[in-house]
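Novice: Shown below is the structure under consideration.
Just so you know, all these numbers are worked out from the coordinates, no wet-lab data involved. These figures come from a predicted structure and were not determined experimentally. Here the Cβ positions follow ideal geometry from the backbone for every residue, glycine too, while neighbour counts run over all protein chains shown.
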Amino acid sequence: MRKKIVAGNWKMNKTLQEGVELAKTVNRQVEDTDVVVILCTPFIHLAEVSKAITKDSLFLGAQNCASETSGAFTGEVSVDMIKSTGAEYVIIGHSERRSYYHEDDALLNKKTKLALAAGLTPIFCCGEVLAERQSGKHMQVVKSQIENGLFDLSAEDFGKVVLAYEPVWAIGTGVNATADQAQEMHKAIRDLVSEKYGTRVAENTSILYGGSCKPSNAKELFSNPDVDGGLIGGASLSAADFMGIVSAF
């Protein structure tokens, strides 16, 4: 059985104090169920938020990692540093990293391998922008991102990766992908994985939806057979909204 996952990506929001309070609130409200709940916080929050997590179903994650293990890379944070805080997950290749910081498939492949070697679970993001969706290239774009970013991994290592599909055109724009559009892409991703690694690996790979998931649409999205949860942005900054999405399962 693949995991049901709701991961909150706080992005560049919340002071340290505010973040710790939010984490404490989520920790109080989350139940020990089969839903894996992850808080992906800014780097400076990780060690303190780790102390606020006491529930077995609540985990900590980072939003990015360096592409090197150590050395003269001012401002970067390595996978070993992340792991040392108590974090167990790391987001790789979020659409904002791809767009604003020009992270390409080769770099994300390197980061994924470093994360796996450090014992972190990568949440690997893929997705198309509006022009790619409108031109009918969305399937090919996502296929290319996954193949170039992940498909040189062994089946064992790929099985440790969580995928997150981000329709970039539906993030913070007020335009939502429909549940049918989400299911269509998630099924295509699972079929792609199955072709490469076989049915067993594909059926055990969690694929999250990352396009403006809210309490109002989470239940419909999560009811799709190939949507295994969500990578939540804005709604993760409110404990009430975030837990409303968790409860959608």
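Novice: Could you give the length gained by full extension between Ser144 and Ser238, i.e. 0.36 nm per residue of separation minus their alpha carbon distance, to one decimal place? Working shown, then result.
Specialist: Numbers: separation 94, 0.36 × 94 = 33.84 nm, distance 3.43 nm.
Answer, rounded to one decimal: 30.4 nm.
Novice: Next up: Once every DSSP H run of n ≥ 4 in the chain is given -39500 (n - 2.57) and the sum is divided by its residues, what mean residue ellipticity at 222 nm do you get, rounded to the nearest 500 deg cm²/dmol? All intermediate terms of the calculation are to be shown ahead of the outcome.
Specialist: On the way: 12 runs with 108 residues, N = 249.
Counting only the DSSP helices, I get -12000 deg cm²/dmol.
Novice: When the C-alpha atoms of segment 1-152 are aligned to their principal axes, what extent does each axis show, in angstrom, from largest down?
Specialist: Computed over the Cα atoms, the extents are 45, 38, 30 Å.
Novice: Distance from a point 7 Å along Cα→Cβ of Ser247 to each backbone N in segment 192-222: keep the residues under 20 Å and list them by number.
Specialist: Residues 213-222 qualify, since their backbone N sits under 20 Å from the label point.
Novice: Okay, which of segment 124-143 sit inside 16 Å, backbone N to the point 7 Å along the Cα-Cβ direction of Glu195?
Specialist: 137-143, by backbone N distance to the label point.
Novice: Of the chain, which part is the longest with no GluC sites (Glu not before Pro) in a loop (DSSP not H, G, I, E, B) and with at most 14 other C-beta atoms within 10 angstrom? Spell out each step's value before the answer.
Specialist: Numbers: sites that count: Glu31, Glu68.
Between exposed loop sites, the widest span is 69-249.
Novice: Now a separate question. Could you calculate the FRET efficiency of Asp80 with Glu220 from 1/(1 + (r/R0)^6), where r is the beta carbon distance between them and R0 is 41 Å, rounded to 0.05?
Specialist: Details: r = 40 Å, r/R0 = 0.98.
Working from the Cβ atoms, E equals 0.55.
Novice: Something else: Give me His45, His102 sorted ascending by neighbouring Cβ count inside 10 Å, so fewest comes first. Walk me through the intermediate numbers first.
Specialist: Details: His45 25, His102 8.
So the residues, fewest neighbours to most, are His102, His45.
Novice: Based on Cα coordinates alone, diagonalise the gyration tensor for segment 100-249, multiply each eigenvalue by 5, take square roots, and list the semi-axes in whole Å, largest first. Could you put the intermediate results ahead of the total?
Specialist: Details: eigenvalues 112, 62, 51 Å².
In descending order, the three semi-axes are 24, 18, 16 Å.
Novice: What's the Kirkwood radius of segment 138-206 in Å, using all Cα pairs? Don't skip to the answer; put the middle values down first.
Specialist: On the way: mean 1/r = 0.0781 Å⁻¹.
Kirkwood radius, segment 138-206: 12.8 Å.
Novice: Quick check: pseudo-label points 7 Å beyond the Cα along Cα→Cβ at Thr54 and Asn204, how many nm apart are they?
Specialist: Between Thr54 and Asn204, the label points sit 3.4 nm apart.
Novice: Check the straight Cα-Cα distances from Lys187 and name the lysines below 23 Å, setting aside those fewer than 8 residues away within the same chain.
Specialist: Lys3, Lys4, Lys137, Lys143, Lys160, Lys196, Lys214, Lys219
Novice: Please report Met185, Met1, Met139 as a ranked list, fewest other C-beta atoms within 10 angstrom at the top and most at the bottom. Working shown, then result.
Specialist: On the way: Met185 24, Met1 6, Met139 16.
Starting with the residue having the fewest Cβ neighbours, the order is Met1, Met139, Met185.
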